[in-house]
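Novice: Before I ask anything, here is the structure I am working with.
Where a number appears in this text, it was derived from the coordinates with a stated rule and is not lab data. These figures come from a predicted structure and were not determined experimentally. When we count neighbours, we look across all protein chains shown, and the Cβ atoms used for this are built from the backbone with ideal geometry, even at glycine.
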């Protein structure tokens, strides 16, 4: 499984990532369906932290289910190439086609709790997202689009506002970590 090799070689940034990396590898070794939503307990997702060229802004979407500003991303749905998933999701959710990968593979790891919710009229039980985040650069000049079935806004936000603009309390430390890494990242 491609993602297993990528996670194995990933060097954790902090204690949270070290713990989550260990659990992700355990889940890969325990379940044969962690790449699909058929695994109702935990499954892989790919997310994106999209920065402008100056590294002063983050591109965020207003997520319809969570009613909050958030990063872009989505479910692996069977694809073990999470970079491919991340890129596809970023393009679908923002309309951007000129994304430049800045990270050498995975930029960040996190296991995220997803509360129960209704999606397309169907109840979804609480579960875990085994998330691999990738760092991309995009131009603020490129046209943005809204993917109306998933989001109701797309905009560039000052990098320091990302933790303030989100209503998802569990995402604030994740976004803070991603921003901290940008300031320490060799770009």
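Novice: Counting helices only, and only those DSSP H runs with n ≥ 4, report the 222 nm mean residue ellipticity of the chain as the sum of -39,500 (n - 2.57) divided by its residues, in deg cm²/dmol to the nearest 500.
Specialist: Here the helix-only value at 222 nm equals -8500 deg cm²/dmol.
Novice: Would you mind ranking 24, 1 so that the residue whose beta carbon has the fewest other beta carbons within 10 Å leads the list?
Specialist: 1, 24
Novice: Set the Förster radius R0 to 45 Å, insert the Cβ-Cβ distance between residue 52 and residue 115 as r into 1/(1 + (r/R0)^6), and round the FRET efficiency to 0.05.
Specialist: Efficiency, rounded to the nearest 0.05: 0.90.
Novice: While we're looking at this one, here's another question. Please rank 131, 142, 79, 104, fewest neighbouring Cβ atoms within 10 Å first, as an exposure proxy.
Specialist: If I rank by nearby Cβ atoms, fewest first, I get 104, 142, 79, 131.
Novice: In what sequence do 172, 57 fall when counting other Cβ within 10 Å, fewest first?
Specialist: Ascending number of Cβ neighbours within 10 Å: 172, 57.
Novice: Let me ask you something else. List the extent of the Cα atoms of the chain along each of their three principal axes, largest first, rounded to whole Å.
Specialist: So the extents along the principal axes, rounded to whole Å, are 44, 42, 29.
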